[in-house]
Amino acid sequence: MENNTHYSDFNFTIFVNIRYYRYPVFVFCLLLYSFIVSANLVIIVVILHERSLHESMYFFIVFLCVNALYGSAGFFPRFLMDILSDTHLISRPACFTQIYVIYTYAFCEVTILGIMSYDRYVAVCQPLHYHRKMTLPMVLRLAAFAWFCPNLYLLISIFIITRLPLCGNKIKKVYCASWDVVKLSCVTSAVTQIVATTGAIIVTLLSICCILYTYLRIVVLCSKSSTEFRRKVLQSCLPHILSIAIYCVTAFSDTLLDRFNPQELNPFVAIIVSLEFVIIPPALNPLLYGLKLQEIRKHVFRLVCLKTIT
């Protein structure tokens, strides 16, 4: 345990495998980050600027886009510097800060999707009460809840992880991940694993249960309704359903990756899989909501055309 005192930083060892491709990878990732920032900002600006879009559903989309910008900011700047750098050391405070940002983004994503499913449930199953129930104070309370739970869980988790004695500093990923830091511990702490796993399950399970329950009620109602009603419901809910599917696939891929020995995996496959949940949802969500929802699409095209003419 005495060896842990000199580990003032961590080393990302997986970057050595991309040394010959660093410049093409840097350009591609810089363009991707620029697209993520631009696309999410466009959706945010359009919704906040257009008074006709000042409804709970669109405000939740704004929260989703803000969360995407937050998570991307916690990952891309450091990642882009590491691509061009010959050394890939990160200090302990910076590492734990990155863990906090990336994982609060990941858990906030699922909690926001959970409250969005409740919004769709009220809109479809209780349309006459929608504007009475989904008021601005209610939207803000739901948003605060969606942000509070993941932040509380991450603060407790990081407090526990920072107290672990470390017998190594090599992280076989391109960013700091809590499970990778725990695996460097000199001791096997069942309590740490139980607390971390239980907290993650509670935060995720609450949102997943909310999503499953609300869409079960929506499906039951649609089964008793007309084809035209089902078409309208599908048009309204499809972007949200796709967002849920994308999040589940990418988050599951990253979780599954942690269960494999990094030495047994192709490094490029490991890098791509580990990056899915911090790249794919922030990049695709603006396209889903911007192109699939007619009201947003109309204002986005108008904004783009005005910029082009100007």
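Of all the criteria given as (1) farther than 21 Å from LEU275 by Cβ; (2) open to solvent by 60 Å² or more (accessible area, probe 1.4 Å), the one not satisfied by SER38 is (1). Close contacts from segment 148-177, counting a first residue that is more than 16 Å from ASP82 (Cα to Cα) and touching a residue at least 24 places away in the same chain (Cβ under 8 Å) and a second that is open to solvent by 30 Å² or more (accessible area, probe 1.4 Å) and among the acidic types (Asp, Glu), with Cβ to Cβ under 7 Å and a gap of 6+ residues or different chains, come to ASN169/ASP9.
So if I check each of SER274, SER236, which one is surrounded by 13 or more Cβ atoms within 10 Å (Cβ to Cβ), modelled with pLDDT under 90, of a type in the set (Ser, Thr, Tyr) and more than 18 Å from the chain's Cα centre (by Cα)? None of the others qualify; the one that does is SER236.
Annotation: TYR7 fulfils all but one of (1) open to solvent by 40 Å² or more (accessible area, probe 1.4 Å); (2) touching a Phe, Trp or Tyr at 6+ places or on another chain (Cβ under 8 Å); the unmet one is (2). On inspection, ALA144 fails the criterion of being free of Cβ contacts under 8 Å to residues at least 60 places away in the same chain, among the small types (Gly, Ala, Ser), closer than 29 Å to LEU275 by Cβ and surrounded by fewer than 22 Cβ atoms within 10 Å (Cβ to Cβ). When segment 162-208 is limited to residues that are in a loop (DSSP other than H, G, I, E, B), open to solvent by 50 Å² or more (accessible area, probe 1.4 Å) and modelled with pLDDT of 80 or more, the one that is farthest from TYR100 (Cα to Cα) turns out to be CYS167.
The values are calculated or read from the model by the stated rules, or taken from the named source; none is laboratory data. Just so we're clear, the structure is a prediction, and the values are computed from it rather than from any experiment. Cβ atoms come from the backbone with ideal geometry, glycine included; neighbour counts cover every protein chain shown. In case anyone asks, the SASA skips ligands and DNA or RNA and just uses the protein heavy atoms, side chains included. Shrake-Rupley method; radii C 1.70, N 1.55, O 1.52, S 1.80 Å.
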